[in-house]
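Below is one structure, written out as structure tokens, with a few remarks after it.
The values are calculated or read from the model by the stated rules, or taken from the named source; none is laboratory data. A quick note: this is a predicted structure, and the numbers were derived from the prediction, not measured. Here the Cβ positions follow ideal geometry from the backbone for every residue, glycine too, while neighbour counts run over all protein chains shown. We work out accessible area using only protein heavy atoms, side chains counted, and drop any ligands, DNA or RNA first. Shrake-Rupley method; radii C 1.70, N 1.55, O 1.52, S 1.80 Å.
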Amino acid sequence: MAVNLNKAVKAGLDFLFGVAGELVRDAEFVRPAGASALEQSGNAQQTANVKAFITDYRSGELGTVVIQPGDEKVLVRAADLALIISPGNGDYLVETLSGQRRDVLSARLDAAGLLWTLHTVRSINDDWGVLTATTASADWGDLGTATDAEDWLGLT
């Protein structure tokens, strides 16, 4: 009797994501415009709403060249990232509730094609927008003679 491995793994993942309560968080996966390792997103930022199972690495996995203390392992179902081709370095996740950002250092898809394992690190990077042209900005002038100035109440 043959066992349908994909069906069994999918059932196991559904169970894991259902019972792991506080470890599973709503998040937004973001591939910034033109910032991925493969440059596949062009000028358009891509996003996907995901359920992320966030856990620490086991002590035996720490201290290697790649995995350092403080790095986190994030598991995301492949179905949640169906529209993002080959997640990887340059992408990031933002938790919906806390706003905590995690930069993706690498990503690996399991053999069944059902689960992405993301190697992440917490980040305080801010997203300063997209790669579109600015429509308004402060003009601080040029190198010519000043025609007006702000009075900063200098010492007299």
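A few points about this structure:
- Residue that is modelled with the lowest pLDDT, among those in the range 89-103 that are over 9 Å from residue 27 (Cα atoms) and either touching a His at 6+ places or on another chain (Cβ under 9 Å) or part of a strand (DSSP E or B) (or both): 89
- Breaking point among (1) surrounded by fewer than 11 Cβ atoms within 10 Å (Cβ to Cβ); (2) under 13 Å from the mean Cα position of the chain (by Cα); (3) at pLDDT 80 or above, for residue 83: (2)
- Being open to solvent by 40 Å² or more (accessible area, probe 1.4 Å) and modelled with pLDDT of 80 or more is a description that applies to residue 10.
- Residue, nearest to residue 14 (Cα to Cα), within the range 36-76, restricted to residues that are at pLDDT 80 or above and among the basic types (Lys, Arg): 51
- Within the range 15-35, considering residues that are more than 17 Å from residue 117 (Cα to Cα) and either among the small types (Gly, Ala, Ser) or open to solvent by less than 70 Å² (accessible area, probe 1.4 Å) (or both), the one modelled with the lowest pLDDT: 35
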